[in-house]
Amino acid sequence: MDFFALAAARSSCRAFDPNTAVDPADLRRITEAARLSPSACNSQPWHFTVVSGGPVLEAVRTAAQSLGINTFTADCPAFIVINEEPVELPERVGDKRYAPYDLGIVTAHICLAAQELGLSTCILGGFSGSKMAKACGIDSSKYVPLAVCVGHAASGAFREKSRKRMGALATFIEE
């Protein structure tokens, strides 16, 4: 699939097939694509906890629902939990915090890599980070802003993609 078709096809899935596991080799390929994601000064301010079985999977599902939302995660067969890692950037890049942008980019890489492999994803941010950290055995001092659900979509899982018109999102200056 070319990139433009890949971007058009990718959509958030909130209905996973609970009877179909994700191949561990696919989770490794997705994580490898994420590892190659760009970051400020190649700082790579992330760590991935990939969960696809055992009691930790149920704990992650519970943590994902900790704010009373994301109930669809009960059927999700795998998660890639992303925590921010501290980095030291050179003074020459200024005092901006680049990690939030880098985490967004790496999350997009995860979603697009999964789509390329025929898997569906949903990015989660609405959960208790401390509960997610505890579920995954991540040090409580770490910031856990995102998790990505990964699995096979249930039949009829997607609604029509709706986006703002290009004119509302971009200005083209050509001269």
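Numerical summary
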{"item": "Exclusive hit being closer than 21 Å to Val51 by Cβ, crowded, with 20+ Cβ neighbours inside 10 Å and out of contact with any helix residue (DSSP H, G or I) (no Cβ under 8 Å at 6 or more places or on another chain), set Ala108, Ala114, Ala133, Ala78", "result": "Ala133"}
{"item": "Unique residue being modelled with pLDDT of 95 or more, within 25 Å of Gly156 (Cβ to Cβ) and not hydroxyl-bearing (Ser, Thr, Tyr) when the list is Glu116, Glu84, Glu32", "result": "Glu116"}
{"item": "Qualifying residue in the range 32-46 (condition: assigned to a strand (DSSP E or B) and in contact with a Ser or Thr (Cβ under 9 Å, 6 or more places away or on another chain))", "result": "yes"}
{"item": "Count of the range 16-38 residues which are under 19 Å from Pro77 (Cα atoms) and of a type in the set (Lys, Arg)", "result": "2"}
{"item": "Subset of the range 15-49 (residues that are in contact with a strand residue (DSSP E or B) (Cβ under 6 Å, 6 or more places away or on another chain) and closer than 14 Å to Leu117 by Cβ)", "result": "Val22, Leu27, Thr31"}
{"item": "Failed condition for Ala59, given (1) surrounded by 17 or more Cβ atoms within 10 Å (Cβ to Cβ); (2) in contact with a Leu (Cβ under 9 Å, 6 or more places away or on another chain); (3) at negative phi; (4) at pLDDT 95 or above", "result": "(2)"}
{"item": "Pairs with Cβ under 6 Å, 6+ apart, first in the range 158-175 and modelled with pLDDT under 95, second not in a helix (DSSP H, G or I)", "result": "Phe158/Ser11; Lys161/Ser11"}
{"item": "Subset tally (residues that are among the small types (Gly, Ala, Ser), touching a strand residue (DSSP E or B) at 6+ places or on another chain (Cβ under 9 Å) and surrounded by fewer than 22 Cβ atoms within 10 Å (Cβ to Cβ)) for the range 136-175", "result": "4"}
{"item": "In the range 17-31, residue surrounded by the fewest Cβ atoms within 10 Å (Cβ to Cβ) [restricted to those that are over 16 Å from the mean Cα position of the chain (by Cα) and in a loop (DSSP other than H, G, I, E, B)]", "result": "Asn19"}
{"item": "Residues satisfying the stated conditions in the range 1-16, i.e. surrounded by fewer than 17 Cβ atoms within 10 Å (Cβ to Cβ), in a loop (DSSP other than H, G, I, E, B) and in contact (Cβ under 8 Å) with a residue 24 or more places away in the chain", "result": "Met1"}
{"item": "Any pair with Cβ under 6 angstrom, 6 or more apart, that starts in the range 61-74 at a residue that is closer than 16 Å to Val148 by Cβ and ends at one that is of a type in the set (Phe, Trp, Tyr)", "result": "Ala63/Phe127; Ala64/Phe127"}
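The values are calculated or read from the model by the stated rules, or taken from the named source; none is laboratory data. This structure is a prediction, so every number in the text was calculated from the model and none was measured. Here the Cβ is made from the backbone with ideal geometry for all residues, glycine too, and neighbour counts use every protein chain on show.
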